[in-house]
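Structure, as structure tokens:
The values are calculated or read from the model by the stated rules, or taken from the named source; none is laboratory data. Predicted, not measured: the structure shown is a model, and the values here were computed from it. As a convention, Cβ positions derive from the backbone with ideal geometry for all residues, glycine included, and neighbour counts pool all protein chains shown. Note: areas computed on protein heavy atoms with side chains; ligands, DNA, RNA excluded. Shrake-Rupley method; radii C 1.70, N 1.55, O 1.52, S 1.80 Å.
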Amino acid sequence: MINFARERQDVADMCRTLADAGYFAGTGGNLGLRLTDKLMAVTPSATDYYLVRAEDVVILDIDTLAVVEGEKVPTVEKSLHAAMLKMHPQHKASLHTHQPVASAVALAHEVLPWPAGIDSAGLGPHIAVIPYRPSGTGMLAKTFRKNLRPDIHAYLMASHGVICSAPDLQAGLAVIRKIDAAAAAFLRERIQKRANLDKPLQASLLKTLNKIELMGA
Ligand SMILES: [Zn+2]
């Protein structure tokens, strides 16, 4: 019998949900779930999301990031989840994805407004941007901590992906979907505003965007 079996199973199940939605690509993307004041569960590093079992989900000390239970190597992005959960003590879940639409927008290094029509209550004034630093490095962890804000729960990581915090994993999934919808609205507006864009190309770009968006729905 493993400790926190239910919570670790929830993390494993959410991996599959996010992979099915196309929000986890290959082995890119990872999760953190607060278990107690001192402990969090994180996804294992470089594992096929469809094969993750509850016992593969690693339990870490949220302050030292030392492994408390689990055989697998924890995700290289564990320090981001620890920082996210510490900044938002009311939240249990931290979700980091490499979702296609928002990750494309993250190449623009621009703050994203929440568009009209998306219920962004409680998520903060906008989707903030964390400046680019290479994945899994101390530089990224440091820059990440510096740019977190207690009132903002959704972030684009420049040229990388998305991270958000939420009361639980299911609520986090809803935030991930909202970030993608906001990113799609941003891209759609940019494509439509490009007056010099050839019309058939414009139409085909918008069609492709709709298709990618439907994948995650
Ligand atoms: Zn990543």
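Do we have Leu18 as closer than 25 Å to Lys146 by Cβ and either among the aliphatic types (A, V, I, L, M) or within 16 Å of the ligand (Cβ to nearest atom) (or both) here? Against the criterion (closer than 25 Å to Lys146 by Cβ and either among the aliphatic types (A, V, I, L, M) or within 16 Å of the ligand (Cβ to nearest atom) (or both)), Leu18 does not qualify. The set of residues in region 74-98 being open to solvent by 50 Å² or more (accessible area, probe 1.4 Å), away from the ligand (no atom under 15 Å from the Cβ) and more than 19 Å from Asp13 (Cα to Cα) consists of Lys86, Met87, Pro89, Gln90. Could you check how many residues of region 142-192 are of a type in the set (A, V, I, L, M), open to solvent by less than 40 Å² (accessible area, probe 1.4 Å) and assigned to a helix (DSSP H, G or I)? Total satisfying the criteria: 12.
For Gly70, indicate whether it is touching a residue at least 24 places away in the same chain (Cβ under 8 Å) and under 24 Å from Ala181 (Cβ atoms). No: the conditions fail for Gly70. Working only within region 3-15, note down all residues that are within 16 Å of the ligand (Cβ to nearest atom) and either assigned to a loop (DSSP other than H, G, I, E, B) or modelled with pLDDT under 95 (or both). Within region 3-15, none qualify. For first residues located in region 87-98 and in contact (Cβ under 8 Å) with a residue 12 or more places away in the chain, partners that are within 12 Å of the ligand (Cβ to nearest atom) and open to solvent by 20 Å² or more (accessible area, probe 1.4 Å) and lie 6+ apart or on another chain with Cβ distances below 7 Å form the pairs His98/Ala25.
Listed by first and then second residue, the pairs with beta-carbon distance under 9 Å, at least 6 apart or on different chains, first residue in region 24-52 and modelled with pLDDT of 95 or more and in a loop (DSSP other than H, G, I, E, B), second aromatic (Phe, Trp, Tyr) and within 16 Å of the ligand (Cβ to nearest atom), are Thr43/Tyr49.
Given the criteria at pLDDT below 95 and open to solvent by 10 Å² or more (accessible area, probe 1.4 Å), does Gly138 qualify?
yes
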